[in-house]
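**Q** Quick one: the structure is below, and I'll ask about it shortly.
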Amino acid sequence: MRKIIILSAATLILSSCGIYNKYKPVSEVPEGLYGSESVAATDTANFGNLSWREVFTDPYLQNLVDSALLRNTDMQTAHLRVKEAEATLLTSKLSYLPSLFLAPEGAVSSFDRGKATQTYSLPVTASWELDIFGKVTTAKRRAKAAYEQSKEYEQAVKTQLVASVANTYYTLLMLDSQYEIAVATEAALGTKLFEDRTLFILCTLSWILALFNLIWLLYDFYKLRTFAEESHALNRAAFLDHLTGIPNRHGLDVVFETYDSPESLAHVACYMVTITNLKEINQTMGHVVGDQMLKDFSGILESVGDAFGVVGRNGGNEFLMIVNHGSHDTMEYFIESLNQQLKEYNEEHSNAPIQIQYAYILNEEAHAEYFSTLLTETYNKLHA
């Protein structure tokens, strides 16, 4: 009897002791754990505690998130892990109950072709593990922790999936907006480019037209200059002697027409000179030498007579000079200067000297009313 009492007391003492104490989570943060920084009060209405449907109110986005939560394989795997942990937790809770094992058996045997013998057995085994050292409790706690972990993992996968879908959705909206802006910008730039291109074409055409007008003006100027040169050449041919370059009879006629009244002829003197040996030079030395003699004499006459009046070739070997303010002194000075030039020339050209005969008339003495009358009288005096 004494042994039974001691054994029972020992059993009670051992069952009341455990290796593991019951876990109690710390609900309060020790003061000074984070220094002097005060701990903010928990706000149940902050952004982190809001449901994703309250954050993302776009109906189309909500449908996309629902579809992703339903079809995403990571989300399905996390959900199955939660179910697995839940089943494990249930099993650990059932460990506190006794276990009952049934093992029915049956056999048929025959010996030496005798009648078969059938035997049956139904062994029943019952067991109940007492949680003396806290093994069952610890297993249940581990299963519960695994269950909580799987639920948090599922929540993390869900949060990441919702965030990923929302980020992609808003990124696509941003890209759509950027595309619309790009299209509008391209249209605006296209219109601006068209306007600039049109302006460029108009400017180019204007420059081409201006260049064409400039070329046309240059061409007209060239034609006008050519016409002027041709006119000048025609005038020289018409009014200038082609051999000597001094006015011919037509050129002298233009000068004669300026004396259209007796008053304009009042002080005019007419000087006429002829080369007397020109015919002889042409016959003996050739027309080349004779032409050169005409050129040389016209040069001498022009160099001396320009200071007195207009010099011209009247034709053949005959030359004429018109003096506006003629007098005997003037004419004698002119004749003296001319003779001096001829003397020097003849000294250098002794083989073909220039021999002249001249006459002049002052209209102060002739009183001719027309220049043709004065010219005729001078001619008659020269050949008298």
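The values are calculated or read from the model by the stated rules, or taken from the named source; none is laboratory data. Computed from a predicted structure; not experimentally measured. Cβ atoms come from the backbone with ideal geometry, glycine included; neighbour counts cover every protein chain shown.
**Q** Specify which of the listed residues (ALA366, ALA352, ALA359) is free of Cβ contacts under 8 Å to residues at least 40 places away in the same chain, surrounded by 14 or more Cβ atoms within 10 Å (Cβ to Cβ), in contact with a helix residue (DSSP H, G or I) (Cβ under 9 Å, 6 or more places away or on another chain) and of a type in the set (A, V, I, L, M, F, W, C).
**A** Result of the check over ALA366, ALA352, ALA359: ALA366.
**Q** Which residue pairs have Cβ atoms closer than 7 Å, lie 6 or more positions apart in sequence or on different chains, and pair a first residue in the range 62-74 that is over 15 Å from ALA156 (Cα atoms) with a second residue that is part of a loop (DSSP other than H, G, I, E, B)?
**A** Listed by first residue and then by second, the contacts come to GLN62/PHE56.
**Q** Right, here's the next one. Quick one: in the range 273-290, which of the residues that are buried (at least 16 other Cβ atoms within 10 Å of the Cβ) and free of Cβ contacts under 8 Å to residues at least 40 places away in the same chain is farthest from ASN363 (Cα to Cα)?
**A** By that ranking, first place goes to ASN282.
**Q** Here is a list: ALA156, ALA210, ALA188, ALA163. Which entry is surrounded by 10 or more Cβ atoms within 10 Å (Cβ to Cβ) and at pLDDT below 80?
**A** Among ALA156, ALA210, ALA188, ALA163, only ALA188 is surrounded by 10 or more Cβ atoms within 10 Å (Cβ to Cβ) and at pLDDT below 80.
**Q** Quick one: what pairs do we get from the range 168-183, first residue surrounded by 10 or more Cβ atoms within 10 Å (Cβ to Cβ), second at pLDDT below 85 and outside any helix (DSSP H, G or I), C-beta under 9 Å, 6+ apart or different chains?
**A** Listed by first residue and then by second, the contacts come to TYR169/PHE56.
**Q** Within the set of pairs 6+ apart or on separate chains, which have a first residue in the range 291-305 that is within 17 Å of GLU348 (Cα to Cα), a second that is small (Gly, Ala, Ser), and C-beta atoms under 7 Å apart?
**A** That search, which allows pairs on different chains as well, returns MET293/ALA352.
**Q** For the list (1) touching a residue at least 12 places away in the same chain (Cβ under 8 Å); (2) of a type in the set (Ser, Thr, Tyr); (3) surrounded by 14 or more Cβ atoms within 10 Å (Cβ to Cβ), I need the number of the one condition that THR373 fails.
**A** Looking at each condition in turn, THR373 falls short on (1).
Residue-wise test of (1) more than 26 Å from THR330 (Cα to Cα); (2) more than 60 Å from the chain's Cα centre (by Cα); (3) of a type outside the set (A, V, I, L, M, F, W, C).
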{"residue": "THR284", "(1), (2), (3)": "yes, yes, yes"}
{"residue": "LEU294", "(1), (2), (3)": "no, yes, no"}
{"residue": "GLY299", "(1), (2), (3)": "no, yes, yes"}
{"residue": "GLY309", "(1), (2), (3)": "no, yes, yes"}
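**Q** Across the range 325-345, what is the number of residues that are surrounded by 13 or more Cβ atoms within 10 Å (Cβ to Cβ) and either over 11 Å from ILE300 (Cβ atoms) or aliphatic (A, V, I, L, M) (or both)?
**A** Of the residues in the range 325-345, 9 are surrounded by 13 or more Cβ atoms within 10 Å (Cβ to Cβ) and either over 11 Å from ILE300 (Cβ atoms) or aliphatic (A, V, I, L, M) (or both).
**Q** So, restricting to helices (runs of 4 or more DSSP H) that lie completely within the range 1-117, which ones have at least 2 residues that are polar (S, T, N, Q) and either modelled with pLDDT of 60 or more or surrounded by 10 or more Cβ atoms within 10 Å (Cβ to Cβ) (or both)?
**A** Answer list for the range 1-117: 2-16, 59-71, 73-94.
**Q** Let me ask something else. Of the residues that make up the range 351-364, is at least one under 26 Å from PRO262 (Cα atoms) and modelled with pLDDT under 90?
**A** yes
**Q** Any idea which residue in the range 242-261 is surrounded by the fewest Cβ atoms within 10 Å (Cβ to Cβ), counting only those that are closer than 17 Å to GLU318 by Cβ and among the aliphatic types (A, V, I, L, M)?
**A** Result: LEU243.
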